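Values in this text are rule-based calculations from the coordinates and carry no lab data. Being a predicted model, the structure only gives us computed values, none of them experimental. No Cβ is skipped: glycine too gets one built from the backbone with ideal geometry, and neighbour counts run over all protein chains shown.
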Amino acid sequence: MKAGHWTTPASSCNRHASVPDCLRPNCGSWKHKSPNGRKTCMRCARNLAVKVKGGKHLACRHGHLNPVSDPMSDPALAGLALLDTALLAVDRQGAIRYANPAAENLLALGSRELVRHTLPSLFSRAEALMRGLDSALGQDVSFAEHDLSLDTVNQQHLHVYCAITPIDVAGCAALLELRPIDQQVRIANEERLLIQQQANRELIRNLAHEIKNPLGGIRGAAQLLALELDDRPELAEYLEVIKHEALRLQHLVDRLLAPNQRHVQSNVNIHEILERVRSVLLAEYPEGLVIRRDYDISLPLLTADREQLIQVVLNIARNAVQAMHGLGEITLKTRVARQVTLARRRHALALELQIIDTGPGIPPDIRDHVFYPLVTGRAEGTGLGLTLAQTFVHQHQGSIDFDSRPGRTCFTVRLPLEPLAEKTP
């Protein structure tokens, strides 16, 4: 057997057998591009973990591979780290021996923590998984569950497609593949929302024209009022608020009327933005509102339009506060997301911002249209806050989605950590 080639059992597809460094230029199944610029085929990578029959060993570029005691450092499993599908390698008792980076991201746990778990200890409802594992190992065939609900030890609810494949590598008996159904739906929804956004933009520009005229009157009246209040210094502070907010609204209207305008990009600390929004909301609702912070302080600076991101967070958080009538709890949470698809591009690292509230939840009848203009669950609402938030996020080549139920609504904003490419919104 030639070193430097992955070889598969005779039953495997000849097209993907003996592939140097798991590279195949004419293969149509590419799923990921590695940091060194080389592509990895999903089918070839899965063949790394195919059960070895007839006493044969897998070979890698380092030579012949023999089972080792530490699956985390096994070269046969190292290729799985390149895939964007969550993979767990387990033994016959369901103890986790290996987890790839995509599994760490999906389960929000590091690999060192995951290998301390068994499937029943990691998932509170693991009966279906254990039955599938027993079936796959007992019959020596792959087992698949197309619609599986799992609750993790860190209180995540997952809706996944699960495949269990028998293997015999480094003490591992089976390979679990977990693909979030929610994520596939989210990507499809983003495609639909991008189309809808074109129509939204036209409506917003028309509304901006209507706002611009009375806004000029407000600013003019504030300037005249300032001349009349020279002898009333105690009112000057309130007048400054009117002038400052009118000016900010004027800038916002100008942006809406010129959507092709280039971003005012700078290096932005996302936590400074969150602290700004937090101080504004606590000033507006000094009693009854609690805003908790759950920050990943290791996050790098973000190249973004500072004012637009402030508007995104403020619109979402203010909607939440108003839904709770100023009485409740909001959590501002930041994390690093890995291997994320944003605006049809795969990003190794992205910022994930979650704004979580304890309010009544979004009414079911408007959930499918919550980002549309003029859609609101409040009689006094304008229905523009989330539309603007979505527009600004998409202009940053990011994504925005939500999950809502009574007692917990979570808006998730994902933004690429790489500098923004030049792109017409």
- Nonlocal amide H pairs with Phe402, under 5 Å, H built at 1.01 Å: Thr412
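Using DSSP to call loops (not H, G, I, E or B), can you name the GluC sites (Glu not before Pro) in segment 257-358 whose Cβ has at most 15 other Cβ atoms within 10 angstrom?
Passing sites in segment 257-358 are Glu287.
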- Item | Computed label-point distance, nm, for sites Ala144 and Ser298 using a 7 Å Cα→Cβ extension | 3.6 nm
- Karplus-derived HN-Hα couplings along segment 286-298 (A = 6.51, B = -1.76, C = 1.60, θ = phi - 60°), whole Hz, x at Gly and Pro: x, 10, x, 9, 10, 10, 8, 10, 9, 9, 9, 6, 7
- Separation of alpha-carbon centers, segment 346-365 and segment 135-162, rounded to whole Å: 25 Å
- Task: Using only the alpha carbons, work out the radius of gyration and Dmax of segment 264-425 in angstrom.
- Result: 15.2, 44
- Query: Can you sort Cys172, Cys162, Cys410 so the residue with the fewest Cβ neighbours within 10 Å comes first?
  - Reply: Cys410, Cys162, Cys172
